[in-house]
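Encoded as C-alpha cells, the structure appears first; notes follow it.
Every number here is computed from the coordinates shown, using simple stated rules; none is lab data. All values reported here derive from a predicted model rather than from experimental measurement. Because the Cβ atoms are built from the backbone with ideal geometry, glycine has one as well, and the counts that use them run over all protein chains shown.
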Amino acid sequence: MSVPILSLVGSSNSGKTTLMEKLVVGLVAQGLRIATIKHSHHQPEMDTPGKDSWRHKQAGASTSLLVGPEKMLMVSDVDEALNPQLLTARLFGDYDLVLVEGYASVPGPKIEVLRAARSNTLRCEESELLAVATDIDDLKVNVPILDMNDTQVVIGFVLKWLDDMKADTKFTK
C-alpha cells in the first residue's frame, strides 16, 4: 500500500510555494486527503524554548509530541537524511497524496516550476519530470507544459496523474 508522492521543484523564488498552496486548496476541494513535506537546507526550529514540549526534548527525548484538540506538532531527532519516500512510509500511509516542495535531487515524480522572471533554464533533466509549470510561452521541452498561473490546469494534470497511479496496482489502497 503506497501513497503517491509528487514533488514541486525549481529555483528559489520560482513560485513553488504559491503553486503548492493552490494545489493543496484545489485537491482538498476534490475530497483528497493531502500531506505536504517542505525540504529545507536549514535546521528547522519549530518548538518554543521554555515550553513543556521543548523541555522534554532538551531533557533527552528523541521525539516529543505536542498534541492539541485539532493539531499535533512533532519534534524528532533523525539519524539519517529522510527523503520523501521514507517520510511518507513512516507518517502518511493513510493519505491520498503527498506533495513535496523541494528534494530536486531525490528520484521520483516531479513537476518543475519555472518562472521567467527567475530563470529560463530547467534545474532537472527532462527525463526526471512529469511536466513543467511555467509562464514562459516559447519553452521547448519534451514534457507537458502547464500554465503555472492556471491552477485548474495544474490540478487537472495532477488528478489525471493520480488516476493513472491508482490504475497501477502498487498504488491501490
Running a GNM on the chain with Cα contacts under 10 Å, which residue among 84, 109, 144 ends up with the highest mean-square fluctuation? 144
For the pair residue 118 and residue 167, what calculated FRET efficiency results from E = 1/(1 + (r/R0)^6), where r is the Cβ-Cβ distance and R0 = 35 Å, to the nearest 0.05? 0.50
Take the chain, mark every one of the GluC sites (Glu not before Pro) that falls in a DSSP loop and has at most 13 other Cβ within 10 Å, then report the longest stretch left between them, sites excluded. 126-173
Toy charge model, Lys and Arg Cβ at +1, Asp and Glu Cβ at -1: the chain dipole around Cα centroid in debye, rounded to 20, equals 340 debye
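Stick to the Cα atoms of the chain, pair each with every other, and give me the Kirkwood hydrodynamic radius in Å at one decimal.
Here the Kirkwood hydrodynamic radius works out to 17.7 Å.
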Calculate one ³J(HN,Hα) per residue across segment 68-73 by plugging θ = phi - 60° into the Karplus curve 6.51 cos²θ - 1.76 cosθ + 1.60, and present them in order as whole Hz with x for glycine and proline. x, x, 10, 9, 9, 10
What is the set of long-range amide H partners of residue 100 at a cut-off below 5 Å, with H atoms built 1.01 Å from backbone N? 6, 7, 8, 37
How much net charge surrounds residue 131 when only other residues with a Cβ under 9 Å from its Cβ are counted (Lys, Arg +1; Asp, Glu -1)? 0
Multiply the residue gap between residue 89 and residue 48 by 0.36 nm, knock off their C-alpha separation, and tell me the result in nm, one decimal place. 12.0 nm
Karplus-derived 3J(HN,Hα) from phi for segment 116-132 (6.51 cos²θ - 1.76 cosθ + 1.60, θ = phi - 60°), whole Hz, x at Gly and Pro, runs 4, 5, 9, 6, 10, 10, 5, 7, 9, 6, 4, 5, 8, 10, 7, 6, 10
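Longer than 32 Å from Cα to Cα, which of 57/166; 38/166; 22/57; 51/166; 38/140 are they? Say none if no pair is.
Details: 57/166 40 Å; 38/166 24 Å; 22/57 34 Å; 51/166 43 Å; 38/140 29 Å.
Pairs exceeding 32 Å: 57/166; 22/57; 51/166.
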Straight-line reach from residue 110: which aspartates and glutamates have a Cα under 13 Å away, not including same-chain ones fewer than 8 places off? 101, 125, 126, 128
Trypsin sites (Lys or Arg not before Pro) restricted to DSSP loop in segment 76-148 with at most 11 other C-beta within 10 Å: 140
Distance in nm between label sites at residue 138 and residue 79, each 7 Å beyond Cα in the beta-carbon direction? 5.5 nm
Applying 1/(1 + (r/R0)^6) with R0 = 41 Å to the Cβ-Cβ distance of residue 147 and residue 55, what FRET efficiency is obtained, to the nearest 0.05? 0.25
Using a Gaussian network model on the chain with a 10 Å cutoff between Cα atoms, which of 53, 14, 119 fluctuates the most? 53
